[in-house]
Amino acid sequence: MNETANNQAYACKECPAGMMHLQYITYFTWLSDELITVPNFPAWVCDVCGRRDYDERAIAWLSMLLNPDAGKSTTRARWPRPPLEKRDSTRPSLG
């Protein structure tokens, strides 16, 4: 779905004649041994050489979604301390 968004453009860094235009393309990446496709992904595409510069915010968002730890708690679970009477009496007390 190569739709061009707005009329924004800038000079291509790869070729001297091309202009980079924002388009929504299908992004492909590998996650382990699986091919992941993301439709309607924002990228700046050169109209002459085809160079693609992907939107940094969209890449960060996608990386977060594909992270295997996404949605998991970042803090470690704390186990409740045993009551005082069940603690090891051979250890000296601190107070």
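The values are calculated or read from the model by the stated rules, or taken from the named source; none is laboratory data. Every value quoted in this text rests on a predicted model; they were computed, and no experiment measured them. Methodologically, a virtual Cβ is constructed for each residue, glycine included, from the backbone with ideal geometry; neighbour enumeration extends over all protein chains shown.
Brief remarks on what is shown
- Hits in the stretch 15-29 - residues which are in contact with a strand residue (DSSP E or B) (Cβ under 6 Å, 6 or more places away or on another chain) and aliphatic (A, V, I, L, M): Met19, Met20, Leu22, Ile25
- If the condition is being aliphatic (A, V, I, L, M) and at positive phi, then the stretch 25-69 contributes no residue at all.
- Pick from the stretch 51-75, criterion exposed (fewer than 11 other Cβ atoms within 10 Å of the Cβ) and within 15 Å of Tyr24 (Cα to Cα), ranking: modelled with the highest pLDDT: Arg57
- Residue that is modelled with the highest pLDDT [pool: residues in the stretch 30-47 that are loosely packed, with under 13 Cβ neighbours inside 10 Å and assigned to a loop (DSSP other than H, G, I, E, B)]: Asp33
- Checked against (1) within 16 Å of the chain's Cα centre (by Cα); (2) modelled with pLDDT under 70; (3) surrounded by 11 or more Cβ atoms within 10 Å (Cβ to Cβ), Thr4 passes all but condition (1).
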